[in-house]
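Step one of this worksheet: look at the structure below.
The values are calculated or read from the model by the stated rules, or taken from the named source; none is laboratory data. Keep in mind that this is a model prediction, so the values were computed, not measured. A quick note on method: Cβ atoms are made from the backbone with ideal geometry, for glycine too, and the neighbour counts reach across all protein chains shown. Calculation scope for accessible area: heavy atoms of the full protein, side chains included, ligands and nucleic acids excluded. Shrake-Rupley method; radii C 1.70, N 1.55, O 1.52, S 1.80 Å.
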Amino acid sequence: MTSPVAMPRPIDPADPGEDPGPSVAALDTIVSLAKRRGFIFPSSEIYGGINAVWDYGPLGVELKNNVKRAWWRAMIQERDDVEGLDAGILMAPQVWVTSGHVASFSDPMVECATCKRRYRLDELPGGESLTQTELRDPEIVTRLGLTCPNDGGPLSAPRRFNLMFQTYMGPVQDDASVVYLRPETAQGSYVNFRNVQQAMRRKLPFGIAQIGKSFRNEISPGNFVFRMREFEQMEMQYFVRPDAAADVFEQWLPRRWDWYVAYGADPARLRLREHASDELAHYARKAIDIEYRFPFGWKELEGIHDRGDFDLRSHQEASGQNLEYFDPVTNEHFVPHIVETAAGADRAPFTFLIDAYREEEVKGEKRVSLALHPQLAPYKVAVLPLLKKRPEIVELCHRIKADLKRDMMAVYDDTAAIGKLYRRQDEIGTPWCVTVDVESLEDGAVTVRDRDTMTQERIPVEGVKRAIMDRLEASRP
Ligand code: GAP
């Protein structure tokens, strides 16, 4: 997988360069299309919704599954050095003490004395560019004269708010039964390091990757699925010799950048941003974010982290279990270092959705299309009758669709005239439409229309599936 453009170096925070602007100006354009066409719905909507939780509809779940599959393919299936894992969401509570999450997985929160609204200090107007040191300063609100954006009321000094959700395990609800919903999948890979290494007879370097739900009680969630309280991550932990970590970090960075570009993210709207030393998470030695220019600004899409030996060393000390690796080549015992690639299984589809959105005028009419990568598109093909009143045409459509469905997501639609049917499929990103017309009954051929070029090609009915499969195969990065 190679990027069509050279990968840039991280931006200089003092001179971040020209802003390319978002590919879609208004977030609402995407939110309303997502709702209208069955990609993403507000959770529990009939009860007024629940803040920061979203449900994936019939097309959204296909898109998201395809993104997860593309990640799994690139990170596990096509590599010889990464194993998959699916660890539990609930873990021994000590895991989160050892990892540092109980003590320091928190954001700076301020509260308005009059309306009682709570905000993340670094997301308040005037607080966005504060350094981590400034965000910890108890005088910062007074010094900058920050007030409540809702009613102008006075704001409290910042206090740290822990983001982990708690629940109870078993029938007794007391302090001894507290467990946490995991705020990241990474810890499941660390506590299984020895299991995976021994079961799979792995030598360093190797990785453990997993996809799964994580939960964070975010103070100010929002921007649609960008920041949710229940979300999904796609994280990979790569275990290396201490002296290899810096090089391995540099290797994973372009791989992850290329993955976004290969699946449709516009490289002009991606950038790298390195964390300042006071911004680094407690575990990180170095961190570079891949950021995307969302309609609401440059924001993190994925983080690449050099975590040093913090994780395995901490778990070794707290558990009393030996998590060292014996290197048979050098005869050394050491605690492996970890390079992590931490992506979001909601932010990635969201980014691909935004970047795929197109509006143009065709024959005096507005055409909306989603130029999604064919591998990510919810439906690969739609089978459409030109005349639904002709039973032979409808019957042939169903036969073609039934054959296609054995290998891919295919759909039949006859609820409008052909022009409208094409527009509907364009709007949900279906790369190809197969149309059966009166002539098909005579010459045994159908029309295959391409979503992006709108060109049409006549091919024999028996060649339809092969043609679509070949196109899909050819599109694979
Ligand atoms: N294990 C390291 C870790 O969790 P992170 O930067 O906090 O790092 C990794 O999270 C990725 O998870 C982010 O880049 C983002 O894509 C996704 N993510 C984090 N918090 C999220 C939230 N509240 N809603 C949606 N996605 C989130």
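At most 13 other Cβ atoms within 10 Å and a DSSP loop assignment: could you name the GluC sites (Glu not before Pro) in the range 58-114 that fit? In loop regions of the range 58-114 (DSSP not H, G, I, E or B), the sparsely surrounded GluC sites (Glu not before Pro) are Glu78. For the range 82-124, the set of trypsin sites (Lys or Arg not before Pro) satisfying both a DSSP loop assignment and a count of at most 12 other C-beta atoms within 10 Å is given as Lys116. Across the range 1-90, Cα-Cα pairs more than 19 Å apart make up 68 percent of the total. For the chain, the relative contact order comes to 15 percent (Cα pairs under 8 Å, sequence separation of at least 6). Translational diffusion coefficient of the range 422-477 (Stokes-Einstein, Kirkwood radius from Cα pairs, 4 °C, 1.567 mPa s): 109 µm²/s. Of the solvent-accessible surface of the chain, computed with a 1.4 Å probe and all protein chains present, 49% belongs to carbon and sulfur. Working from label points 7 Å from Cα in the Cα-to-Cβ sense, the Glu360 to Asp12 distance is 3.8 nm. Averaged over its residues, the chain has an accessible area of 46 Å² per residue, based on protein heavy atoms and a 1.4 Å probe.
Quick one: check the C-alpha center-to-center distance for the range 402-477 versus the range 1-74, whole angstrom. For the range 402-477 versus the range 1-74, the Cα centre distance is 26 Å. For the pairs Lys68/Lys388; Lys68/Lys465; Lys64/Lys401; Lys116/Lys286; Lys68/Lys401; Lys68/Lys363, flag any whose C-alpha to C-alpha distance is greater than 27 Å. Cα-Cα > 27 Å for Lys68/Lys388; Lys116/Lys286; Lys68/Lys363; rest within. For the range 389-462, what class follows from the C-alpha gyration tensor (a ≥ b ≥ c being the square roots of its eigenvalues): rounded when a/c is under 1.5, otherwise prolate if a/b is larger than b/c, else oblate? Verdict is rounded for the range 389-462.
The convex hull of the Cα atoms of the chain, projected and averaged over all directions, covers 28.3 nm². The trypsin sites (Lys or Arg not before Pro) of the range 333-363 that DSSP puts in a loop, and whose beta carbon has at most 10 other beta carbons within 10 Å, are Lys363. Full extension of the chain between Ala416 and Arg36 yields a length gain of 135.1 nm, computed as 0.36 nm times the residue separation minus the alpha carbon distance. Estimated from the Cβ-Cβ distance and a Förster radius of 60 angstrom, the FRET efficiency linking Leu144 and Glu442 is about 0.20. Full extension of the chain segment joining Thr131 with Gln77 gains 15.4 nm, where the gain is 0.36 nm per residue of separation less the Cα-Cα distance.
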